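One structure below.
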Amino acid sequence: MTHASDLRTFESHDGPLAYRDTGSGEPLVLLHAGFLDHTMWDDQIPALARHHRVIAPDARGHGWSSNASGPFRQADDVAALLRHLDVGPAVLVGVSMGANIAVDTTLEHPGLVRALVVSGGGAPGPGDPWTEELRAAQFSALGAGDIGGWLDTFALSAAGPHRTPDAVGPDLVRRLREMAGRTIAKHTADETDFSVPVLDTATRAKDIAVPVLALNGALDAPDLIGMAEHIARSVTDGRVTAVEGTGHFPNMEQPDAFNQALEEFLHGL
């Protein structure tokens, strides 16, 4: 569990950004999913910090980090943090939005990345009907100001298309709702979205020159699994595996299995 005293901040070009930094050894950066924050890694940080320097930031506009007041790219924020800490190249591990940010950072700042682990994301691709329906439900709830209904969609996302939300358990749902609630409270419905996308990531994936592991939840939506697997299969040294019995947040649903698969990859680098 994170406490305020565990968090550090650094002054970016546009306000302070928060992160955890613990352990020692080769740097390992954990990048969280959209609307969540670094506490989604609470089951990884103590285990991984035994052998690695673990850095877990809150993306701009999420958790305890500042909102944007002008155009920005999340990948550039990750690079700025690593340069501020004078560490790298680092292994980047990302889930969902965090997987996209990890790929973007690898493409835009390749000298800072030693290896890449992606789960439930990585590069934009064609959505399947279930994912499109989930996103439509999320936008509809937000547009109607129904924050409770919007928070409910995180249980749907966690379960994936093959299970009902009660399959993921109340503790996971509670954690997702708490994180998403913290982030949405920082924003207003009419504010400007200043985020700038990194372009052509799917086609540029072949340019990634570091080892890649796609570590998906086996019960996640097929298109989200496919995004991560596309990255792994585009590179020279790419591997694909899955955490059985888990959906979009395998690190939270079965942390021991996720940690084992991640550690095996790390030990092979």
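The values are calculated or read from the model by the stated rules, or taken from the named source; none is laboratory data. Here the structure is a predicted model, which is why all the values come from computation and not from measurement. FYI the Cβ positions are ideal-geometry reconstructions off the backbone, even for glycines, and counts take in every protein chain you see.
Would you kindly identify the helices (runs of 4 or more DSSP H) lying entirely within region 29-112 that contain at least 1 residues that are farther than 17 Å from LEU266 by Cβ? I'd like the intermediate steps shown before the answer.
Working: elements: 45-48, 74-85, 97-108.
Because the criterion is at least 1 residues that are farther than 17 Å from LEU266 by Cβ, the helices (runs of 4 or more DSSP H) in region 29-112 that meet it are 74-85, 97-108.
May I ask you to say which residue of ASP37, ASP43, ASP86, ASP21 is on the phi > 0 side of the Ramachandran plot and at pLDDT 95 or above? Reasoning before the result, please.
Numbers: ASP37 fails: on the phi > 0 side of the Ramachandran plot; ASP43 fails: on the phi > 0 side of the Ramachandran plot; ASP21 fails: on the phi > 0 side of the Ramachandran plot.
Unique residue meeting the criteria: ASP86.
Kindly establish whether ARG174 is basic (Lys, Arg), surrounded by fewer than 16 Cβ atoms within 10 Å (Cβ to Cβ) and either over 17 Å from the mean Cα position of the chain (by Cα) or in a helix (DSSP H, G or I) (or both). Step through it out loud before you land on a result.
Numbers: basic (Lys, Arg): yes; surrounded by fewer than 16 Cβ atoms within 10 Å (Cβ to Cβ): yes; either over 17 Å from the mean Cα position of the chain (by Cα) or in a helix (DSSP H, G or I) (or both): yes.
Here the answer is yes, as ARG174 does meet what is asked.
Going through region 103-112 one residue at a time, which ones are without any contact (Cβ under 8 Å) to a residue 40 or more places away in the chain and farther than 12 Å from VAL78 by Cβ? Spell out how you get there, then give the answer.
Taking region 103-112 first, the residues without any contact (Cβ under 8 Å) to a residue 40 or more places away in the chain are 105, 109, 111-112.
Passing the criteria: only GLY111.
Residue check: is GLY70 more than 23 Å from ALA205 (Cβ to Cβ), in contact (Cβ under 8 Å) with a residue 12 or more places away in the chain and touching a Lys or Arg at 6+ places or on another chain (Cβ under 7 Å)? Don't jump to the end; show me each part of the working.
Working: more than 23 Å from ALA205 (Cβ to Cβ): yes; in contact (Cβ under 8 Å) with a residue 12 or more places away in the chain: yes; touching a Lys or Arg at 6+ places or on another chain (Cβ under 7 Å): no.
In short, no.
Do you know which residues across region 222-269 are within 16 Å of the chain's Cα centre (by Cα), hydrophobic (A, V, I, L, M, F, W, C) and in a loop (DSSP other than H, G, I, E, B)?
Correct list: PHE249 only.
Here are some conditions: (1) in a helix (DSSP H, G or I); (2) touching a Ser or Thr at 6+ places or on another chain (Cβ under 9 Å); (3) surrounded by 13 or more Cβ atoms within 10 Å (Cβ to Cβ). ASN216 meets all but one. Which one does it not meet?
(1)
Would you mind finding the one in LEU199, LEU219 that is within 26 Å of SER157 (Cα to Cα) and touching a residue at least 12 places away in the same chain (Cβ under 8 Å)?
Criteria check complete, one pass: LEU219.
Is at least one residue of region 225-243 surrounded by 23 or more Cβ atoms within 10 Å (Cβ to Cβ), in contact with a Phe, Trp or Tyr (Cβ under 6 Å, 6 or more places away or on another chain) and not charged (D, E, K, R)?
yes
Hey, can you tell me all the residues within region 113-146 that are in a loop (DSSP other than H, G, I, E, B), in contact (Cβ under 8 Å) with a residue 12 or more places away in the chain and out of contact with any strand residue (DSSP E or B) (no Cβ under 9 Å at 6 or more places or on another chain)? Spell out the reasoning first.
Filtering region 113-146 down to residues in a loop (DSSP other than H, G, I, E, B) leaves 120-128, 144-146.
If we keep only those that are in contact (Cβ under 8 Å) with a residue 12 or more places away in the chain too, we end up with 120-128, 145.
Residues satisfying the conditions are ALA123, PRO124, GLY125, PRO126, GLY127, ASP128, GLY145.
Just one of the numbered conditions (1) surrounded by 22 or more Cβ atoms within 10 Å (Cβ to Cβ); (2) closer than 22 Å to GLY160 by Cβ is not true of THR201; which one?
(2)
Quick one: ILE147 ticks every box in (1) surrounded by 11 or more Cβ atoms within 10 Å (Cβ to Cβ); (2) within 27 Å of ASP104 (Cα to Cα) bar one, so which box is it?
(2)
Let's see how each residue does on (1) of a type in the set (S, T, N, Q); (2) modelled with pLDDT of 95 or more; (3) in contact with a His (Cβ under 6 Å, 6 or more places away or on another chain):
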| site | (1), (2), (3) |
| --- | --- |
| ARG135 | no, no, no |
| ALA144 | no, no, no |
| SER157 | yes, yes, yes |
| ALA185 | no, yes, no |
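Working only within region 15-40, note down all residues that are touching a strand residue (DSSP E or B) at 6+ places or on another chain (Cβ under 6 Å) and either acidic (Asp, Glu) or over 19 Å from GLY88 (Cβ atoms) (or both).
Scanning region 15-40 gives PRO16, ALA18, ASP21, GLU26, ALA33.
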